[in-house]
Amino acid sequence: MYWTKPLSDLILTVDSISLLIGFPANLLALYTFVLKLKKQAMPLDVLLFNLTISNLLTLIFLPIRIREAADMRWTQSYFLCPLLGYVIYTSIYNSTLLLTAISVERYLGVAFPIKYKQNRNPRNAVIAAILFWVVTMAHCSFIYIVQQYEKHNDTSPEDRDSCHTMFNEKQLKLILPFRLELFIVLFFIPLIICSFCYIKFILILSHLPKFNPKKRCRAIGLVIVTFLVFIICFIPINVSHLVSFIGWYVPSWRVYTLLPCTFSACLNPFIFYFSSSVLRKTFAQCVSRLVNRLQESCFLRLFKCLTSKERLQNPSESSQ
């Protein structure tokens, strides 16, 4: 991959927005879910907590991408390059699995409300979350192995123009079937499950006669937005996997497909905000405390200014 000014500007803009908005928003969400899990842990809270951690992992490593885009070449330690790919891909596919589990949880809550409420256990969500982390970390470790293999067989770190590697024919034989497997196992199957659950969720909720219309519209709207974020943010990178395998090459536009994935870490907290009354309450409390502190600091500054003016106007009194 060769850096261009428009590409550099685009990555700098999108990743900077994701970092500046997403990092504090996810920290607030993490704080909220920790409090919620301490009081009364629910399966949805466990899944959202893990999704928040996944978002934060992506955001913590974004400055590395931002620096590369600013320099328009890879100037950092070679060790960080495969580590960056490993962390981002792990976060991407862990997020897809967690969002799929959230869709299943919502569907079961509407389709089998009584039975699901009786058998609902946060321990199952914890087991599922651990399994997701293990599966995605194991899968994405292949990226690290291939890039180490590339290091010893092709270019040295000093000769690298970008962290996005151009694979040779031997490396393509390893990486392209792996990307197809990522597409099928960690995206396409979750997409089918997610689509089924959300379509059934909307149909069941639409036909409930005694359900509050306002709550129905809000729940359906939230589900549609969540599903759209899932599709818009994760389809591009996975389509590039499929195109790479079919054409047996790495498309040049693939570099752009990571942008919506990283931007999803910024969008998810806003979905949490509308889906969790506890998060809305915590956010309101934090904003209220911040406003109060700003008001107090402004009042103190104003008071100091007034007293200093009085002392200047009355130097004799101040000397006494």
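The values are calculated or read from the model by the stated rules, or taken from the named source; none is laboratory data. These numbers were taken from a predicted model, which means no experiment stands behind them. Using ideal geometry, Cβ is built from the backbone for each residue, glycine included, and neighbour counts are taken over all protein chains shown.
A few points about this structure:
- Residues considered: G85, G109. Of these, the only one that is free of Cβ contacts under 8 Å to residues at least 12 places away in the same chain, in a helix (DSSP H, G or I) and touching a helix residue (DSSP H, G or I) at 6+ places or on another chain (Cβ under 6 Å) is G109.
- Any hit, segment 4-13, residues being under 23 Å from V229 (Cβ atoms) and among the charged types (D, E, K, R): no
- Count of segment 247-262 residues, restricted to those that are farther than 21 Å from L47 by Cβ, touching a helix residue (DSSP H, G or I) at 6+ places or on another chain (Cβ under 9 Å) and assigned to a helix (DSSP H, G or I), is 8.
- The residue that is modelled with the lowest pLDDT, counting only those in segment 244-264 that are buried (at least 16 other Cβ atoms within 10 Å of the Cβ) and farther than 25 Å from L27 by Cβ, is V250.
- When segment 10-51 is limited to residues that are in a helix (DSSP H, G or I) and free of Cβ contacts under 8 Å to residues at least 12 places away in the same chain, the one that is farthest from the chain's Cα centre (by Cα) turns out to be K39.
- Condition check for S103: among the small types (G, A, S), closer than 29 Å to I127 by Cβ and touching a Cys at 6+ places or on another chain (Cβ under 6 Å): yes
- Residues located in segment 59-115, provided they are small (G, A, S) and either surrounded by 20 or more Cβ atoms within 10 Å (Cβ to Cβ) or under 20 Å from S16 (Cβ atoms) (or both): A69, A70, G85, S91, S95, A101, S103
- In this structure, F132 qualifies as surrounded by 14 or more Cβ atoms within 10 Å (Cβ to Cβ), modelled with pLDDT of 85 or more, of a type outside the set (D, E) and under 30 Å from M42 (Cβ atoms).
- Residue within segment 265-284 that is surrounded by 19 or more Cβ atoms within 10 Å (Cβ to Cβ), part of a helix (DSSP H, G or I), touching a Lys or Arg at 6+ places or on another chain (Cβ under 8 Å) and touching a residue at least 24 places away in the same chain (Cβ under 8 Å) present: no
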